[in-house]
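Taking it in order: structure first as structure tokens, then the write-up.
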Amino acid sequence: MIKVGILTSGGDCQGLNGAMYGLVKGLTETNKDKVEIYGILDGYTGLINGDYKKMKPEEFENILNLGGSILGNSRQPFKKINEPDENGKDKVEAMKHTYKELGLDCLVILGGNGTHKTANLLYKEGLNVVTLPKTIDNDLVGTDVSFGFQSAVDIATNTIDCIHTTAASHSRVFIVELMGHKTGWLTLHAGIAGGSDVILIPEIPYDLDKVVEAINKRINDKKHFTILAVAEGIISKEEMLYSKKELKEVRKKEHYPSAAYRIGAGIMDRTGQEVRVTVPGHVQRGGSPCAYDRVLASRLGAKAAELIMNKEYGYMVCVRNNQIDKIELNKVAGRLKTVDPQAGIITEAKAMGICFGD
Ligand code: F6P
């Protein structure tokens, strides 16, 4: 009998259920009576608290097109993983205990950046671990793309498309703030797909003068509106001079709810234009996975099943040059995949006249 535990950790995204569908199909299609599946509830929190349930393979059927996770998600920040929980429980020991109590042969962990740090720690502690790359941020090193990303790009693009029609009727500046945490993948792709005039991402600190210049140029060219796609993590050139602590203080004093409002105030001040802000927020992580993510997630799940059957542990399944592959966890954990400001996609976007504020 092969016993496999599954957990979905961190923020959810589209494709989590699709990945579990592929995984369980891959594990059970030919070995149905030789595999036992345990669903760990609410990510690492369930593993810490021994919150799990034995599940039938049939419970993973008809979920390929479902958003969210049938197991639930939670955040257990890695920086606090070695601190005792509110009941004084040692979290790492508790997770190892649950794994042993269940007699698992492998724990499959679906997650993003923070999740992979803990997954790598558990692997180093002796647990058999296989992981899958999920995140709308697309910031996981070792995979060309993570599932959830394309669905979020589609939603964000649709948001910008909707703004376009209202923008065409008004002479205003529209700012759409998109997720992505510390990286600009989502904003870059949705920004281009949505035909934005200005795209601001954390990897290219912006100069407000350049943004204002781009808006004024459009006004002079008799273009009535300007659409900016800005990432939630943007930083200006001046802000780059602050230490992390100083920046936190400065922003606290400014009282802007988020990046779009901060730059929006600067633009209104400098151009006199009416500014409107749209923050789609968690809508970007919601709804059904797009077809691309269903294919990607289920293929990654099937690959993870293959690794388990071969007793190959300590890997994240990944995409490399359009092929499903695997990469050692220690090459992924704790590293961030950022947009290269010199990348072809930026050069081509600039050639189309998109301003990056640099
Ligand atoms: O990592 C995915 C993500 O959606 C980021 O883009 C965003 O910064 C963050 O999670 C939001 O986290 P939460 O759902 O905990 O508010």
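The values are calculated or read from the model by the stated rules, or taken from the named source; none is laboratory data. Since we're looking at a predicted model, the values are computed, not measured. Don't worry about glycine lacking a Cβ; one is built from the backbone with ideal geometry, like all the others, and counts go over all protein chains shown.
The number of residues in region 76-109 that are within 12 Å of SER9 (Cβ to Cβ), within 16 Å of the ligand (Cβ to nearest atom) and part of a helix (DSSP H, G or I) comes to 1.
Can you pull out the residues in region 1-46 that are assigned to a loop (DSSP other than H, G, I, E, B) and away from the ligand (no atom under 16 Å from the Cβ)? Answer for region 1-46, where residues must be assigned to a loop (DSSP other than H, G, I, E, B) and away from the ligand (no atom under 16 Å from the Cβ): MET1, GLU29, THR30, ASN31, LEU41. Among residues of region 190-217 being over 26 Å from LEU241 (Cα atoms) and in contact (Cβ under 8 Å) with a residue 40 or more places away in the chain, the one that is nearest to the ligand (Cβ to nearest atom) is GLY191.
From the list LEU307, LEU300, the one residue that fits, being surrounded by 17 or more Cβ atoms within 10 Å (Cβ to Cβ) and over 29 Å from GLY194 (Cβ atoms), is LEU307.
Within region 166-201, the set of residues being within 20 Å of ARG262 (Cβ to Cβ) and either hydroxyl-bearing (Ser, Thr, Tyr) or surrounded by fewer than 21 Cβ atoms within 10 Å (Cβ to Cβ) (or both) comprises ARG172, HIS181, LYS182, THR183, THR187, SER196.
Every condition in (1) loosely packed, with under 15 Cβ neighbours inside 10 Å; (2) modelled with pLDDT of 95 or more is met by LYS237 except one, and the failing one is (1). The residues of region 48-80 that are in contact with a helix residue (DSSP H, G or I) (Cβ under 6 Å, 6 or more places away or on another chain), surrounded by fewer than 18 Cβ atoms within 10 Å (Cβ to Cβ) and over 17 Å from GLY148 (Cα atoms), listed by number, are GLY50, PRO57. Against the list (1) within 27 Å of GLU61 (Cβ to Cβ); (2) in contact (Cβ under 8 Å) with a residue 40 or more places away in the chain, the condition ILE354 fails is (1). Among the residues of region 164-176, is there at least one that is over 11 Å from the mean Cα position of the chain (by Cα) and within 15 Å of the ligand (Cβ to nearest atom)? So far as region 164-176 goes, yes, one or more of its residues are over 11 Å from the mean Cα position of the chain (by Cα) and within 15 Å of the ligand (Cβ to nearest atom). Of all the residues in region 110-141, those that are part of a loop (DSSP other than H, G, I, E, B) and either within 10 Å of the ligand (Cβ to nearest atom) or buried (at least 24 other Cβ atoms within 10 Å of the Cβ) (or both) number 6. Note on region 218-234: residues that are at positive phi and touching a strand residue (DSSP E or B) at 6+ places or on another chain (Cβ under 6 Å) total 0. Within region 147-158, does at least one residue satisfy the condition of being buried (at least 23 other Cβ atoms within 10 Å of the Cβ) and part of a loop (DSSP other than H, G, I, E, B)? Yes, the conditions are met somewhere in region 147-158.
Go through the residues of region 265-273 one by one and say whether even a single one is of a type in the set (A, V, I, L, M), at pLDDT 95 or above, under 24 Å from the mean Cα position of the chain (by Cα) and crowded, with 20+ Cβ neighbours inside 10 Å. For region 265-273, residues of a type in the set (A, V, I, L, M), at pLDDT 95 or above, under 24 Å from the mean Cα position of the chain (by Cα) and crowded, with 20+ Cβ neighbours inside 10 Å: absent.
The residue list LYS326, LYS303 contains one member that is of a type in the set (Lys, Arg) and not in a helix (DSSP H, G or I), which is LYS326. Of all the listed residues (VAL319, VAL295), the sole one being aliphatic (A, V, I, L, M), outside any strand (DSSP E or B) and within 30 Å of ALA119 (Cα to Cα) is VAL295. Residues of region 39-69 that are more than 25 Å from the chain's Cα centre (by Cα) and among the aliphatic types (A, V, I, L, M): MET55 alone.
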